[in-house]
1. Cβ contacts < 7 Å: first residue touching a residue at least 12 places away in the same chain (Cβ under 8 Å), restricted to segment A:408-427; second residue among the small types (Gly, Ala, Ser) and in a loop (DSSP other than H, G, I, E, B), any location; separation 6+ or different chain. Result?
2. I'd like to verify a number: residues in segment A:95-139 that are part of a loop (DSSP other than H, G, I, E, B) and at pLDDT below 85, how many?
3. Can you tell me how many residues within segment B:86-105 are more than 10 Å from chain A (Cβ to nearest Cβ) and either in a loop (DSSP other than H, G, I, E, B) or over 20 Å from residue B:59 (Cβ atoms) (or both)?
4. Can you tell me which condition residue B:76 does not meet? The list is (1) within 30 Å of residue A:174 (Cβ to Cβ); (2) more than 14 Å from chain A (Cβ to nearest Cβ), and all the others hold.
5. Based on this model, can you work out whether residue A:230 counts as more than 10 Å from every other protein chain (Cβ to nearest Cβ), touching a residue at least 40 places away in the same chain (Cβ under 8 Å) and in contact with a helix residue (DSSP H, G or I) (Cβ under 6 Å, 6 or more places away or on another chain)?
6. Among A:149, A:195, which is the only one that is within 10 Å of chain B (Cβ to nearest Cβ), part of a loop (DSSP other than H, G, I, E, B) and in contact with a Leu (Cβ under 8 Å, 6 or more places away or on another chain)?
7. Which condition number does residue A:295 fail, the rest of (1) in contact with a Phe, Trp or Tyr (Cβ under 7 Å, 6 or more places away or on another chain); (2) assigned by TED's automatic domain parsing to the domain that holds residue A:438 being met?
8. For residues that are buried (at least 21 other Cβ atoms within 10 Å of the Cβ) and not in a helix (DSSP H, G or I), tally how many sit in segment B:106-147.
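The values are calculated or read from the model by the stated rules, or taken from the named source; none is laboratory data. Being a predicted model, the structure only gives us computed values, none of them experimental. Cβ placement follows ideal geometry from the backbone for every residue including glycine, while neighbour counts extend to all protein chains displayed.
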Amino acid sequence: MKVRSILNNQLINMSNDSDMDYSSEDNECEYDYYNTGVADVDIEQIDRKNMDSEYLEFKCLNVEEVEKLLNESVEHLSNTIHLMPSLAKVLLLEHSWQANEIIEKYNRNPNALLIRSRIKPHNAPARKPSSNEHMSSTSHQSSSQPVCSVCTSSQPSQNFFNLSCGHPFCKECWASHFETQINQGISTAIGCMASKCNVRVPEELVLSLLTKPNIRDKYQQFTFSDYVKSHPQLRFCPGANCQIIIQCKIMEPKKATCSSCNISFCFKCGSDYHAPTDCQVIKKWLTKCADDSETANYISAHTKDCPKCNICIEKNGGCNHMQCFSCRYDFCWMCMGDWKTHGSEYYECSRYKEYPNIANESVHAQAREALKKYLHYYERWENHSKSLQLEEQTLAAMRERINTKVMNGLGTWIDWQHLFNAAALLAKCRYTLQYTYPYAYFMEAGSRKDLFEYQQAQLEAEIENLSWKIERAETTDRGDLENQMDVSEKRRITLLTDFFQ
Amino acid sequence: MAALSRRIIKETVRLLQEPVPGISAVPDENNARYFHVIVTGPSDSPFEGGLFKLELFLPEDYPMSAPKVRFITKIYHPNIDRLGRICLDILKDKWSPALQIRTVLLSIQALLSAPNPDDPLANDVAELWKVSESEAIKNAKEWTQRYAMGN
């Protein structure tokens, strides 16, 4: 691309100069060059966002940066609606951090919002400590000191604490309640201990009553994770033990790459990047593959259906003369034709031809057809995936070959470096191609599917050409290869444009 | 927590002194956290006249965690499965440390009076309960007769 555009620039310059010097005889040629040249330069100038439909603008943040970002949102909301920061944080958590939505709801009916967000109780607050119906007899009897209805011990009243709902329990019981909840993975959702009361326990109360450092750490980790997960612009990097959080302004199924662990994933769903298949479809596909592939492969590899009754038959040995155990039909395992017509041609069938068109209405035939369809897509998906897994080996082989060439005096090391760019592009194209198969599998038959599969086939063909050219690059002349790369990338973009619109 | 908490002792004493009508809960002589429970089938329900045995176990972090309760007597009920496991919200996510053994058993008795086939544990039973309630009730009565009466 680079080389060509520079060339084109030169041509433009030349043609501009030549406009003055030369007469009309060169015009045709000039006109042509001028046109293509301008088109290319234009594309280079448009910024990445518009040109590359796959481009995603994102930031990789660490935990402190995210905490700062969240605190800024909390502070902003807290100042706007004059609410304690801890409560503002709960509101943001409950409303996917959409401050404007909260402000609007708060201005309309603050009470309803606070009740729905579990900050205020549903009913009017319980009046006095003895209000809880359980153990009431005991708590009334002990005259001076109130009794905690959970541990049933009487304690000085300063040991008690209640939330906005007015249900008092002793601090020791609160702490032990928090610990149990945290050990179950519950953090921001911890509620009051009273039955049928759902008022949320504020973060600072939990922290003030928890003493064990490991439980406090756990609690802080869990709450932070809840905040990030509720935030539409944030996503934890899915890399193992990676502490990075990706921030992206728009929720799109595009590729984000972690700056720390280098893992790439779809920002919208967090699984491997999967354009042009969308998040739900890829999930469906992967589940299907996990469920069916082994069985399906086995059935396909080891069984055929009886040509007469269509029952599924597994051939586990013996000759090609088959007799269906169900309908007693004699047939040839190779050509699936009637055995009687074979005469003396034993053991090897010379009539092997296309699979005969069996009656389509049978359930077996339909199942087999569905399986065939699935395997068609699965094999291609699996094939590209395996090719990609072999990338390291391919690159090693390429390095080896370049070394040999350089040793034999065929160009310098630098002359061969473009092959690596070509290999990287090949991998990128293969990756996209791999993810076109799940999409095509679930697509409904029709002209859209025909078009998609046509484009898919074209990309497939270009990729094979590219792969062939990379493997057999004998000279350092890169023009042909560059051209092939350009064509392949364009085919890939064509397949993606529809998806990103 | 290893020692028996004050709360468990108090609850046990009260269960024995002021038993809930239709429910008996007696701690095992070797394990004070394990209760032998008998619930009588509520009148006006297909379980009327039956005596249903249950087991109730208080986990180590009781009352912060819910007691574990299971029917031992076979019962035909959409919210109780073949193994006697019970689908009841207060035994799971709606558990509150302020609830007690007594309230749990009362809730289970109430569940016998008002089966909830929309939140089933035993799918086939719930299905029949929805499609043909009269037939389901007939089955429940038969099972009560066969498994919950006599001994």
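1. Cβ pairs passing all conditions: A:419/A:473.
2. From segment A:95-139, those part of a loop (DSSP other than H, G, I, E, B) are A:95-98, A:109, A:117-128, A:132-135; that's our starting set.
In the following step, the residues that additionally are at pLDDT below 85 were identified as A:122-128, A:132-135.
Residues meeting the conditions: 11.
3. The qualifying residues number 3.
4. (1)
5. Details: more than 10 Å from every other protein chain (Cβ to nearest Cβ): yes; touching a residue at least 40 places away in the same chain (Cβ under 8 Å): yes; in contact with a helix residue (DSSP H, G or I) (Cβ under 6 Å, 6 or more places away or on another chain): yes.
The answer is yes for residue A:230.
6. Numbers: A:149 fails: in contact with a Leu (Cβ under 8 Å, 6 or more places away or on another chain).
Residue meeting the stated conditions: A:195.
7. Failed condition: (1).
8. Number satisfying all stated conditions: 2.
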